[in-house]
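The values are calculated or read from the model by the stated rules, or taken from the named source; none is laboratory data. Just so you know, these numbers come straight off a predicted model, no measurement behind them. Cβ placement follows ideal geometry from the backbone for every residue including glycine, while neighbour counts extend to all protein chains displayed. Ligands, DNA and RNA are excluded from the accessible area calculation, which covers all protein heavy atoms including side chains. Shrake-Rupley method; radii C 1.70, N 1.55, O 1.52, S 1.80 Å.
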Amino acid sequence: MFTGTYTAIVTPFKNGNIDEAALERLIKIQIKAGVDGVVPVGTTGESPTVSYEEHVHIVALSVRFAEQKIKVLAGTGGNATSEAVYLTQQAEKVGADGTLQVAPYYNKPTQEGLFQHFREVARCSRLPNVLYSIPGRCGVEIGVETVKRLAQACRNVIGMKEAGGNPDRVSQLRAALGDRFEILSGDDALTLPFMALGAHGVVSVASNIIPRQVSEMVNAFAKGRTTAALKLHQKYYPLFKDLFIETNPQPVKAALAMMGQIEDEFRLPMVPLAARNREILRQTLKDCGILR
């Protein structure tokens, strides 16, 4: 259902507002490049700094701009269950294909709390749910046994974006949940190692910049053309790393601005990339053949 390359699309701002024209251009580029879907208002989409109304509007715009040519996996998680329920129900109303559910952050729930949170969100709509474990941001990891409980209790909990940086988690999830449960890498640099252990693709930051190349890498590996996939990984590995030279999405928005696709604009507490890191990223983009 959600396999291949999903771009964690940025939220472009202009003069403090959502830049709808830029978002449309970005999604059209993604469609043309052959990605499988976009993930609006996730981590890369700066979900913590948009209002509820803006959040739903961004999902609705993404659905409209995708024109059913690619899937929209809407980021609708929250650190309060009521927030996640509301955003998920609204995403279903505006036509999203599925929902990405990050672990509640800051409040550090127990595994039982995580189970009850995700179960309640899954109950609130018919959308397929992809869980999102990123302990570096959330302070908690969604345990393998918790994922197994959720998959057994909720038919629409169908997958996991795994962003803990540990390939062994893929093996653990595979062993616990079998082949049908979908696993997506949450780290561009680990896409191929994760797929070698049974993941189905990636939710990518880098594909904001190089959608065709990331899609080709994922498709090549999935079809057994591992040498071709590895060459693409090696070529763009410096970009995969430098897109995290500062907190995401500061570097990827800087790169898109350098490419003339968006304004280099954020909402506090996110800020533009530091000058030294900007030059490092610019050189990496040149070395990868993205900028002249």
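Assorted remarks:
- Residue match in the stretch 101-113 (condition: basic (Lys, Arg) and farther than 22 Å from residue 163 by Cα): no
- Screening residue 78 on (1) at pLDDT 95 or above; (2) within 22 Å of residue 162 (Cα to Cα); (3) over 14 Å from the mean Cα position of the chain (by Cα); (4) open to solvent by 40 Å² or more (accessible area, probe 1.4 Å) shows it passes everything except condition (4).
- Matching option when the condition is among the acidic types (Asp, Glu), under 21 Å from residue 10 (Cα atoms) and out of contact with any helix residue (DSSP H, G or I) (no Cβ under 8 Å at 6 or more places or on another chain), among 67, 92: 92
- Residues (over 18 Å from the mean Cα position of the chain (by Cα) and in a loop (DSSP other than H, G, I, E, B)) located in the stretch 246-265: 259, 260, 261, 262, 263, 264, 265
- Of all residues in the stretch 277-292 being part of a helix (DSSP H, G or I) and among the basic types (Lys, Arg), the one that is least open to solvent (accessible area, probe 1.4 Å): 278
- Only one of 44, 81, 99 that is touching a residue at least 60 places away in the same chain (Cβ under 8 Å) and in contact with a Pro (Cβ under 9 Å, 6 or more places away or on another chain): 44
- Check on residue 199, under 28 Å from residue 29 (Cβ atoms), under 16 Å from the mean Cα position of the chain (by Cα), among the small types (Gly, Ala, Ser) and open to solvent by less than 30 Å² (accessible area, probe 1.4 Å): yes
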